[in-house]
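Structure first, commentary second.
The values are calculated or read from the model by the stated rules, or taken from the named source; none is laboratory data. Keep in mind it's a predicted model, so treat the numbers as computed, not measured. Every residue, glycine among them, receives a Cβ derived from its backbone with ideal geometry; neighbour counts consider all protein chains shown.
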Amino acid sequence: MNCFCGAPMRETSEVYHAKWGEYQVKINGVKAYICDGCNKLVYDSEEVNLLLNLTVLLSGLSEDKRPQVIDFEKYKTSKRIE
């Protein structure tokens, strides 16, 4: 994958901050690509769409039940969410 500047991009794992209304959550381990030339960061669209949908669902929980941080890397390799 190449960046718009023409340099190659490499896969990495980054932190993504999602928000729905007043609810904000920090999500660790989101697949992204970073440009070796200009350092532009692009998140994987499939993972971001999944995480935005998850954020909407979690925003419906009471505040004391909403996670403030999600370790997404852990859930990508697991078959269930605890």
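In region 23-42, which residues are under 21 Å from E73 (Cβ atoms), among the basic types (K, R) and out of contact with any strand residue (DSSP E or B) (no Cβ under 6 Å at 6 or more places or on another chain)? Break it down stepwise before answering.
Our first condition is that a residue be under 21 Å from E73 (Cβ atoms); within region 23-42, this holds for 24-34, 41-42.
Going one step further and asking which of them are among the basic types (K, R), we end up with 26, 31.
Across region 23-42, the qualifying residue is only K31.
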- How many residues does region 26-36 contain that are out of contact with any Ser or Thr (no Cβ under 6 Å at 6 or more places or on another chain) and either under 13 Å from L51 (Cβ atoms) or surrounded by fewer than 16 Cβ atoms within 10 Å (Cβ to Cβ) (or both)? 6
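Name the residue that is nearest to L50 (Cα to Cα), counting only residues in region 1-13 that are of a type in the set (A, V, I, L, M, F, W, C) and surrounded by fewer than 16 Cβ atoms within 10 Å (Cβ to Cβ). First the steps, then the outcome.
Going through region 1-13, the residues of a type in the set (A, V, I, L, M, F, W, C) turn out to be 1, 3-5, 7, 9.
Going one step further and asking which of them are surrounded by fewer than 16 Cβ atoms within 10 Å (Cβ to Cβ), we end up with 1, 4-5, 7.
Values: M1: 22, F4: 25, C5: 28, A7: 28 Å.
It comes out as M1.
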- Query: Considering only region 1-41, how many residues are more than 11 Å from the chain's Cα centre (by Cα), within 27 Å of Q68 (Cβ to Cβ) and either aliphatic (A, V, I, L, M) or part of a loop (DSSP other than H, G, I, E, B) (or both)?
  - Reply: 4
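Matching residues to (1) within 30 Å of P8 (Cβ to Cβ); (2) touching a Lys or Arg at 6+ places or on another chain (Cβ under 7 Å):
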| site | (1), (2) |
| --- | --- |
| K26 | yes, no |
| V30 | yes, no |
| N39 | yes, no |
| D44 | yes, yes |
| L50 | yes, no |
| V56 | no, no |
| S62 | no, no |
| K65 | no, no |
| T77 | yes, no |
- Item | Positions within region 42-82 being touching a residue at least 24 places away in the same chain (Cβ under 8 Å) and part of a loop (DSSP other than H, G, I, E, B), in sequence order | R66, P67, Q68
- Task: For region 14-22, state whether one or more residues are at pLDDT below 95, surrounded by fewer than 17 Cβ atoms within 10 Å (Cβ to Cβ), among the small types (G, A, S) and more than 16 Å from K76 (Cα to Cα).
- Result: yes
